[in-house]
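Enquirer: Can you read through this structure? Questions will come right after.
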Amino acid sequence: MTKRRTKEPPPLPPPPAGTVGDTRPPSDVRVGDFVYLDGEYQRVQDMRSAGTAAHRVLIFAGREPWVMREARTTYRPIDFR
């Protein structure tokens, strides 16, 4: 039996200019951060608690809300305080 060649996933596009990436838990994500979803970087416009501190509902412009349940790489503007 021959092995099928698996296709390499496409490389991620460069992060938004002027941002720094870090793996953050849902409780550390802030409005203004960028999250990579469905092939694009989405900017967090607003957020809601999803019942526990371990979950956040992130709200984006032009996209339906997304529940963040685990740590993920997010990108924060360098000048964010």
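Where a number appears in this text, it was derived from the coordinates with a stated rule and is not lab data. Bear in mind the structure is a predicted one, so any value in this text is a computation, not a measurement. Here Cβ is always computed from backbone atoms with ideal geometry, including for glycine, and neighbour counts include all displayed protein chains.
Enquirer: Measure off 7 Å from each Cα along the Cα-to-Cβ vector at Val67 and Ala54, then give the distance between these two points in nanometres to one decimal.
Expert: Result: 1.3 nm between the two label points.
Enquirer: Continuing with the same structure: How large is the charge dipole for the chain, taken about the Cα centre, if only the Cβ atoms of Lys, Arg (+1) and Asp, Glu (-1) carry charge, to the nearest 20 debye?
Expert: Roughly 340 debye, rounded to the nearest 20.
Enquirer: Per residue and in cubic angstrom, what volume does the convex hull of the Cα atoms of the chain have?
Expert: Looking at the chain, the number lands at 136 Å³ per residue.
Enquirer: A further question follows. ³J(HN,Hα) across segment 11-16 via Karplus (A = 6.51, B = -1.76, C = 1.60, θ = phi - 60°), whole Hz, x for Gly/Pro?
Expert: x, 5, x, x, x, x
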